[in-house]
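Everything below concerns the one structure shown next.
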């Protein structure tokens, strides 16, 4: 193995989750023990113009999971977790990426966004998507053990005009489809007839589908009015599954990504093929860690860590 490959193998890839990783109480231990963490959540309250932190720590889960509340709260929790991790361990990110709204956490850590601007964009994005979800009735289902290329063929054969699309290409064993409620029944009938597992996701909108098109231009206006800098460390973009450093491309990709697929599987496969072997998920639950295990398989030795509490950081800092 070359010296370059060894160097990459020893670099940390830091991953930030998005919606679906939430639980009541996420981030509470950081809030209770860290003034800087309290400042981040207080800033989120100010941006949302309500006590949104109360939803994070006390629920109810139904309101926490509304995307207008959740996207800013996931971002806040990711950021306070990351800051505590970096302040108390020798872990430093060489590559960052985030799943869907997790991209805004990744861009903050990469130095492209301030904490305030990352929270503002996450809140604006979530609010606009919530609005579209009320106007356009859609659903999302996780499809198990169907390859992306095969699922695309199924969808194109059963639906018209991309009314149902792959929203999240998470791994070879998990895809998430999204789209019109009226068209979803054909896909679900096909899955039932062919013993394909389909699990309804507890969301109130069809994220990363054409049903979100109505908020794209308004979000573009907000994004373009927000100060952003070129990332200081490598950032992998969801839309292209490739490193992205040119500011205009990052902005355009973030806008387009509202209606486009999360290319997570390809992003991780690219990093593995480059020689990366040390990954850490920073944020609630072990969603991305489990996907990574599925993508990586058992052919190589990987370091896969997950941090969601102060106890995890103490363990890593020992």
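When 265, 125, 256 are ordered from fewest to most other Cβ atoms inside 10 Å of their Cβ, what list results? Walk me through the numbers on the way to the answer.
Numbers: 265 21, 125 28, 256 14.
Final ranking by Cβ density, sparse to dense: 256, 265, 125.
Sorted from largest down, what three extents in whole angstroms do the Cα atoms of segment 176-242 have along their principal axes?
50, 28, 19
Separation of segment 251-318 and segment 7-36 by C-alpha centroid, Å?
If we compute the Cα centre of each part, the gap is 12 Å.
Return the percentage of antiparallel bridges among DSSP beta bridges fully within the chain, rounded to the nearest 5 %.
Beta bridges within the chain, antiparallel portion: roughly 50 percent.
Using the C-alpha gyration tensor of segment 137-200, what are the square roots of 5 times its eigenvalues, in whole angstrom, with the largest one first?
Values: eigenvalues 49, 30, 26 Å².
One finds semi-axes of 16, 12, 11 Å for segment 137-200.
Under 10 Å, Cα contacts only: if you run a Gaussian network model on the chain, which one of 281, 269, 193 comes out with the highest mean-square fluctuation?
Ranking 281, 269, 193 by mean-square fluctuation puts 193 first.
Could you compute the FRET efficiency for residue 162 and residue 63, with r as their C-beta to C-beta distance and R0 at 41 Å, rounded to 0.05?
Values: r = 31 Å, r/R0 = 0.77.
Here the calculated transfer efficiency is 0.85.
Over the Cα atoms, compute the radius of gyration (one decimal) and Dmax (the largest Cα-Cα distance, rounded to a whole number) for segment 62-105, in Å.
12.3, 37
Give me Rg/Rg_expected for segment 213-265, where Rg uses Cα atoms only and Rg_expected = 2.2 N^0.38 Å with N residues.
Values: Rg = 11.3 Å, N = 53, 2.2 N^0.38 = 9.9 Å.
Relative to the 2.2 N^0.38 Å estimate, segment 213-265 comes out at 1.14.
With a point put 7 Å past each Cα toward its Cβ, work out how far residue 246 is from residue 232 in nm, to one decimal.
2.4
For segment 104-138 and segment 206-248, write down the distance between their C-alpha centroids in whole Å.
Rounded to whole Å, the Cα centres lie 10 Å apart.
Whole number please: convex hull volume per residue, Cα atoms of segment 1-81, in Å³. Before the final figure, lay out each step's value.
Numbers: hull volume 9.4 nm³, N = 81.
Given the Cα convex hull of segment 1-81, per-residue volume reads 117 Å³.
Taking only the alpha carbons of segment 56-179, what extent do you get along each of the three principal axes, in Å, biggest first?
Extents along the principal axes, in whole Å: 51, 33, 27.
Once the mean 1/r over all distinct Cα pairs of the chain is inverted, what Kirkwood radius in angstroms do you read off?
On the way: mean 1/r = 0.0504 Å⁻¹.
For the chain, the Kirkwood estimate is 19.8 Å.
Nearest 500 deg cm²/dmol is fine: what mean residue ellipticity at 222 nm does the chain get from its DSSP H runs of n ≥ 4 alone, each adding -39,500 (n - 2.57), divided by its residue count?
-15000 deg cm²/dmol
Rule-based calculations on the coordinates, nothing more; no lab input. Everything numeric here is computed off the predicted structure, so don't read it as measured data. Heads up, the Cβs are rebuilt from the backbone with ideal geometry, glycines too, and the neighbour counts pull from every protein chain shown.
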